[in-house]
1. Identify, from the list PRO308, PRO252, PRO246, PRO238, the residue that is surrounded by fewer than 17 Cβ atoms within 10 Å (Cβ to Cβ) and under 19 Å from the mean Cα position of the chain (by Cα).
2. Starting from residues that are over 24 Å from the mean Cα position of the chain (by Cα) and part of a helix (DSSP H, G or I), keep the ones in the range 106-141 and report whichever is surrounded by the fewest Cβ atoms within 10 Å (Cβ to Cβ).
3. Does any residue of the range 287-297 turn out to be within 18 Å of MET182 (Cα to Cα) and modelled with pLDDT under 95?
4. Take the range 142-184 and flag every residue that is farther than 21 Å from LEU209 by Cβ and assigned to a loop (DSSP other than H, G, I, E, B).
5. Out of the residues in the range 200-216 that are touching a helix residue (DSSP H, G or I) at 6+ places or on another chain (Cβ under 9 Å) and closer than 24 Å to ASP239 by Cβ, state the one that is surrounded by the fewest Cβ atoms within 10 Å (Cβ to Cβ).
6. Please name all residue pairs, on different chains or six or more residues apart, with Cβ atoms under 6 Å, provided the first residue is in the range 243-269 and is over 26 Å from SER126 (Cβ atoms) and the second residue is among the aliphatic types (A, V, I, L, M) and at pLDDT below 95.
7. Could you list all residues from the range 83-104 that are closer than 23 Å to GLU47 by Cβ, open to solvent by 40 Å² or more (accessible area, probe 1.4 Å) and touching a strand residue (DSSP E or B) at 6+ places or on another chain (Cβ under 9 Å)?
8. When you go through THR305, THR318 one by one, which is the residue that is in a helix (DSSP H, G or I) and either touching a Cys at 6+ places or on another chain (Cβ under 8 Å) or at positive phi (or both)?
Amino acid sequence: MTPDSLTPQCLHSSQTHSGLKRWIGNALACAVLAAPLGASAAVLDLEGYADASGAISVQRQGDTVDPYFALQALLLAHSHGLDISTPAKAWGAWLVQRQKPDATFDRFCRNGPVWAPCKTADADDSVLGLWLAFMDSMPAAQRSQANWVRSRTVTSAALARLVDPNRGIYLVSPVYQYGLFMDNLELWAYPLTHKAVQNARHPNFTKTLAAVFWDDQRKRYLVSTQPGQRDTAHAFYPDAVAQIFPLLVRFPLIPGGAPAHYRRWMAEHRDEWLAQVKDDFAWGLVAVVALQQGDIPSARCWLRTALPHRHGAHWTVTDEVAAQILQAKAITAALDTTNCTSPRENPKRSP
């Protein structure tokens, strides 16, 4: 996010435009939602997003490749049990060849049949961290290739250079010298990122994030370490998104606990979330949070509201993955809008 742009417990369970950012999911291990034991994993279908070269566009048949979104989508699908092997292998081979000497990645635009660099990355910290996590998720035979070994080494070093040792957090990039809450949580979700950012003053990345970003006066998380955060006007992105993001990555230091935090967020923002697809983006990863929290009615309402816009201008590859995760769990669109308004009581949970 820059200016451009369960442990198995049900209760505890980015972008072409500046409004859509930083989400990454973790594994869903709640038994009631899990696939039957021994069942084959559903295969992720990226037809229209992945091309013959291995590139994965942000939107279906789109003209932009943003490495962040492809990495986000693949890791999300993988962590929720979808088989990503075919698109992931091709994508990894495509991207590793396009890593710049300083280990960062550009965004790419289609120039006829060729994908050419057209913009720098929206944020170095999150892309580098997701690339590390993606590489670690790949089969050993691919990780052991010489160019992959080298990539992992230079990527780790580049990410370490983004550490702010005074605060104990990651900075966006060498240009944007501030930290973003969601980027840091996204990095926190993968333990491989903890060591570089911890020091004698800040020995625990988890506690540091809570101390830096929780605003006890407003009882909300700050979006950024930039000045003036307490005075900004509300917007669904980044403000509301930042409040629910800790639930997606199962951040443990949530004042009041995850279930209460989730219920409060849905009471405040559910209607606003479901309306986003009309003017902004579908925000399907809130539906993944609902799934992780056992709030099936909200997930079904999202499908009802968002699926008519599938593959359209407000639908990204991440939304496509979110929809396929829900469908793999046999979750279908709500038949009507009865349960599709902000809850006055606890969200209904699956039996």
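The values are calculated or read from the model by the stated rules, or taken from the named source; none is laboratory data. Predicted model, so just to flag it, every value in this text is computed and none were measured. Backbone-built Cβ (ideal geometry, glycine too); neighbour counts: all protein chains shown. Accessible surface areas use protein heavy atoms only, side chains included; no ligands, DNA or RNA. Shrake-Rupley method; radii C 1.70, N 1.55, O 1.52, S 1.80 Å.
1. Answer to the selection: PRO252.
2. Among those residues, the one meeting the criterion is ALA140.
3. no
4. Once the filter is applied, which keeps residues that are farther than 21 Å from LEU209 by Cβ and assigned to a loop (DSSP other than H, G, I, E, B), the range 142-184 yields SER144, GLN145, PRO174, VAL175.
5. ASP215
6. Sorted first by the residue in the range 243-269, then by its partner, the pairs are PRO259/LEU11.
7. ASP83, SER85, THR86, ALA90, ARG98
8. After ruling out the rest, the residue left standing is THR305.
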